[in-house]
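The next block holds one structure in the form of structure tokens; read it before the comments.
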Amino acid sequence: QVQLVESGGGLVQPGGSLRLSCAASGSIGVIATMNWYRQAPGKQRHWVATITSGGPTTYADSVKGRFTISRDNAKTTAYLQMNSLNPEDTAIYYCNVITVRGINSYWGQGTQVTVSS
């Protein structure tokens, strides 16, 4: 059974930081990319960041320069370091994993991030 478990969410004040983790386990296959998405109340789910198996990263304009996506050495855990958080970053953050050539795509259950004073 494939499982993606997000953790690290919580309540933080504006200007603060959080680091989210996404641990992948099970018969997931060869991972091509690991991604973060987020969905605020009443809004669509939006892409946030991507890291490929080779290391290159890409970011949505809304988080560029503030967020950093990374992977561990085993490439089974993705991280999202979030700095300079503002209330507009409040959302449920979801981890997504895509296997080589898009054969499979998996989603985590999400973790809540709330930025408020």
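Taking all protein chains in place and a 1.4 Å probe, what share, in percent, of the accessible surface of the chain do carbon and sulfur account for? On the chain, the fraction of accessible area on carbon and sulfur atoms equals 49 percent. The residues of the chain present an accessible area of 53 Å² per residue when probed at 1.4 Å with all protein chains retained.
Spread over its residues, the convex hull of the C-alpha atoms of the chain is 97 Å³ per residue. Rg ratio for the stretch 71-114: its Cα radius of gyration over 2.2 N^0.38 Å, N being its residue count, equals 1.40. Each peptide among 7-18, 84-95 gets the average number of other Cβ atoms lying within 10 Å of its residues, and from highest to lowest they stand as 84-95, 7-18.
The values are calculated or read from the model by the stated rules, or taken from the named source; none is laboratory data. Quantities reported herein were computed from a predicted structural model and do not represent experimental measurements. FYI the Cβ positions are ideal-geometry reconstructions off the backbone, even for glycines, and counts take in every protein chain you see. Calculation scope for accessible area: heavy atoms of the full protein, side chains included, ligands and nucleic acids excluded. Shrake-Rupley method; radii C 1.70, N 1.55, O 1.52, S 1.80 Å.
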